[in-house]
Amino acid sequence: MSASTARRVVAATATLTAGALGIMLYATAAGAAPTYHDAAYGISASGAAPIGATPSVSSTDGTTRTGSGGARSSDGSITVGGATVSAGGGKAKATVTGFSAFDGLVSASSATATCTNGVTSSSVSGTPAGSLGKRGSVAHNVKVKNGNGSVTVIAMQVKLTAGASTEAATINIAVATCAAPGGDASPTATGNPTTSPTSGPTGSPTASPTVTASPTKSPTGNPTSSPTGNPTVAPPTGNPTTPPGTGGPGTPPAPVPTPGQTKAPVTG
């Protein structure tokens, strides 16, 4: 093996080793436990009749947690008959039944919010979205993007104002939060190890064999310059260029005597 070939082999081996090491490091990082941002609750209310998030669950380790129960404000103006919630493993769901507020001004027989790996959906059977009197509004399927990358969906949101657009109360019904799986940017880093070994080995071996084309030109040039009349008699022997009829060692088997034989019978 020549010195240049040895250097190419060493360089290619080092490149492949670096690529394999990069893939191993990525596999180790990818195998780390992911962090989850999953949560769900049935109802929350702010203002004169507050209600903390009830029932409420959250999960950051992938374990699914569940909860259930009803809720009622201290003055009885806001009530929820029942709610079931679950969160964990990139999923969250909240279902509420029997919601009523402000003496039935706004209500919902059922409301559901679901979130799976950052994809949300919701449904409401109750007061339609739109204005609620002169100082209130109802919204369905409200989506909020959070700072940690998670997404929250609120199946039903009721807002009341106290005048001059000042918020007096906000009620959220059936709320679910989750996030898409993390680590999407890491795999792109493995592009560098992949391109290095490919461009290294393929360049050197391909250039070397093409130089051997010169020997193939040499043998093909000589036969074409030899006499074309007797291709079968002129295999690559010692003297393929001896002209016929000159008495050379290769001429006796050739068809040189044939003209003499055809001429003799005519004179006799």
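The values are calculated or read from the model by the stated rules, or taken from the named source; none is laboratory data. Owing to the predicted nature of the structure, the values given are computational and were not obtained by experimental measurement. Don't worry about glycine lacking a Cβ; one is built from the backbone with ideal geometry, like all the others, and counts go over all protein chains shown. With ligands, DNA and RNA removed, areas are computed over all heavy atoms of the protein, side chains included. Shrake-Rupley method; radii C 1.70, N 1.55, O 1.52, S 1.80 Å.
Compute the FRET efficiency between residue 131 and residue 180 as 1/(1 + (r/R0)^6), taking r as their Cβ-Cβ distance and R0 = 35 Å, and round to the nearest 0.05.
Using R0 = 35 Å, I get an efficiency of 0.50.
Given 0.36 nm per residue, what is the gain on full extension from residue 139 to residue 162 after removing their alpha carbon distance, in nm?
6.5 nm
Separation between the residue 63 and residue 46 pseudo-spin-labels, each 7 Å from Cα along Cα→Cβ, expressed in nm?
3.1
How large, in percent, is the carbon and sulfur part of the accessible surface of the range 90-144 at a probe radius of 1.4 Å?
50
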